[in-house]
1. Of the numbered conditions (1) more than 21 Å from the chain's Cα centre (by Cα); (2) at positive phi, G430 fails exactly one; give the number of that condition.
2. Which residues, taken from the stretch 393-415, are more than 14 Å from L434 (Cα to Cα) and touching a residue at least 12 places away in the same chain (Cβ under 8 Å)?
3. Among the residues of the stretch 250-290, write down those that are of a type in the set (S, T, N, Q) and open to solvent by 40 Å² or more (accessible area, probe 1.4 Å).
4. Of the residues that sit in the stretch 300-329 and are in a strand (DSSP E or B), touching a Lys or Arg at 6+ places or on another chain (Cβ under 8 Å) and of a type outside the set (G, A, S), which one is nearest to S184 (Cα to Cα)?
5. Across the stretch 228-239, which residue is most open to solvent (accessible area, probe 1.4 Å) among those that are outside any loop (DSSP other than H, G, I, E, B) and within 18 Å of V386 (Cβ to Cβ)?
6. Which of the residues belonging to the stretch 154-203 are under 30 Å from F120 (Cα atoms) and out of contact with any strand residue (DSSP E or B) (no Cβ under 6 Å at 6 or more places or on another chain)?
7. I'm checking my understanding of the structure. Among residues of the stretch 478-487 that are surrounded by fewer than 19 Cβ atoms within 10 Å (Cβ to Cβ) and in contact with a Phe, Trp or Tyr (Cβ under 9 Å, 6 or more places away or on another chain), which one is nearest to A393 (Cα to Cα)?
8. Working only within the stretch 158-175, note down all residues that are surrounded by 15 or more Cβ atoms within 10 Å (Cβ to Cβ) and either within 27 Å of V356 (Cα to Cα) or among the charged types (D, E, K, R) (or both).
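The values are calculated or read from the model by the stated rules, or taken from the named source; none is laboratory data. Computed from a prediction, not measured in an experiment: that's the story for all the values here. Cβ sites come from the backbone with ideal geometry, for glycine too, and all protein chains shown count toward neighbours. Surface accessibility is based on the protein's heavy atoms, side chains included, excluding ligands, DNA and RNA. Shrake-Rupley method; radii C 1.70, N 1.55, O 1.52, S 1.80 Å.
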Amino acid sequence: MRSTRPLEFSQGFTSWFETGFYVFTSIQPDTTWEWVGDHIRPRITAPESWHLPVGLSVAQEIGYQRRKFAEDSWNYELRPIIDKKLGRWYLAFNPTFDRALHGLNTGRGWEFSPNVKVGFDFTKVMARKAAQIKDFADFRVQQLNSKRFKFIRANARFLDAHTVALSNGKKITAKNFVIATGSSIAPAPLSQVDEVGFITSDEAVALNKLPKSLIILGGGAVACEFAQFFARFGVKVTLIQRSKHILKEFDDDAGIAIKEVFQREGIKVFTGTTIRDAKRKGKLKTVSFEQNVKRVSVSAEEILFALGRIPNIASLNLPNAGVKTKDGKILTDQSMRTSAPHIYAAGDCTSSHDIVHIAVTQGEAAAHNIVGSKRRMDCRLLIAVVFTEPQVAFVGLTEKEARARKIPFLTASYPFNDHGKSLLMEAKDGFVKLLAHPRTGEILGGSCVGPSGGELIHEIVAAMAKRMTVRELAAMPHYHPTLAEIWTCPAEELAEQIIVR
């Protein structure tokens, strides 16, 4: 039986709570409070329904009535904190259910109430995904059929510099062309992998049923994102990467940080490998590889092939148009012009960075230059983001690229496990890092492995776009406590090292 007794708070009492990514409600001064054992909680009315990401319905999945939800799922720990400097009293509240939600989102070891059973419905997850994709695709189809331009569905190949033949039997001539044919999955390194069979990212996002185990070939953005996605749905995941580190486009410290997170979450990661064989054993598929001169074999129900993409240019007959290529990609200048002055290219077919926003920017540059409005690509502001947790992002130069191009730089980093906001969020993995010119202090690049890294990196994008120095970034006001203020730590460290003459 719960006992209720009055609560008295002194003047100047301030109540608040903030945990993880969710703030559920504010506690008003006239709130009615009750004691439950050694705990205190406000009397609240449960919402009619709760909705979580990836299609979870709390009312359905947790499976208790609205009344019981109100009675049992909101338990608050009373922790009085005295701020001697300000002379105020604070009460920090820790809602159990909020911790459960945060644990769902992060995969960390938050406590769950005994009354809470959390699960997922993969069919609903995929249905939600399909609905969102359909909504977006329908909008794109509507744009293509808007009659603002002539839209033809056909394959094309160049007959000469100004003529293309279409697969529907027609020919088209034009003064200018823009090639934006995209890319497709790269071929497998061994014929045995083809014989065994595999799924690609296209099939992975359309699965109706989860495999019990999965081998992922690759260690780039697609491989890493899917590895964590499937692992958090309970799939036994093994990731096999050819390079020394996963996420090889980033600096090694980023790959090392993500590998540590993956291993902690139960994902097996093998790096520095050479695939030697693939075969079927009953219902399982087995991949054999060498690592450190040692032969290793792993088996799983399915293989996800994520070893990169190649430009779709093989059927275009580019030599007929005078368009040169290198390493399977179309060569362009910063205006996106090819070796044929009237032909431009944009997107995956010309870039080693198959990222949507880069393709869009390249296409816009090509269009502007065709109509006579000069525009050049600013390669300083290359951005890359990997949507693992923690997220991984960089803009501009990495240490790896700076050394390869013999560009002088100074660098400093700061960890999230020593940062106030990330400690409150229990998001302690990763770091931020800045590269600066050793003489001027101009920011040359930034990296972030941490919570909301794909969002945080845009502060450095803006700073670099305006050619800010680390001293200017360090002096820029940042609200406390926020994640973004962590950038001031490496900025201040670098500013102290750079003497502006």
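1. With (1) more than 21 Å from the chain's Cα centre (by Cα); (2) at positive phi applied to G430, the lone miss is (1).
2. If the condition is that a residue be more than 14 Å from L434 (Cα to Cα) and touching a residue at least 12 places away in the same chain (Cβ under 8 Å), then I407 is the only one that fits.
3. Hits for the stretch 250-290 are Q263, T274.
4. Only one residue tops the list, namely P311.
5. Among those that are outside any loop (DSSP other than H, G, I, E, B) and within 18 Å of V386 (Cβ to Cβ), it is F229.
6. G197, S201, D202, E203
7. E485
8. If the condition is that a residue be surrounded by 15 or more Cβ atoms within 10 Å (Cβ to Cβ) and either within 27 Å of V356 (Cα to Cα) or among the charged types (D, E, K, R) (or both), then F158, V164 are the ones that fit.
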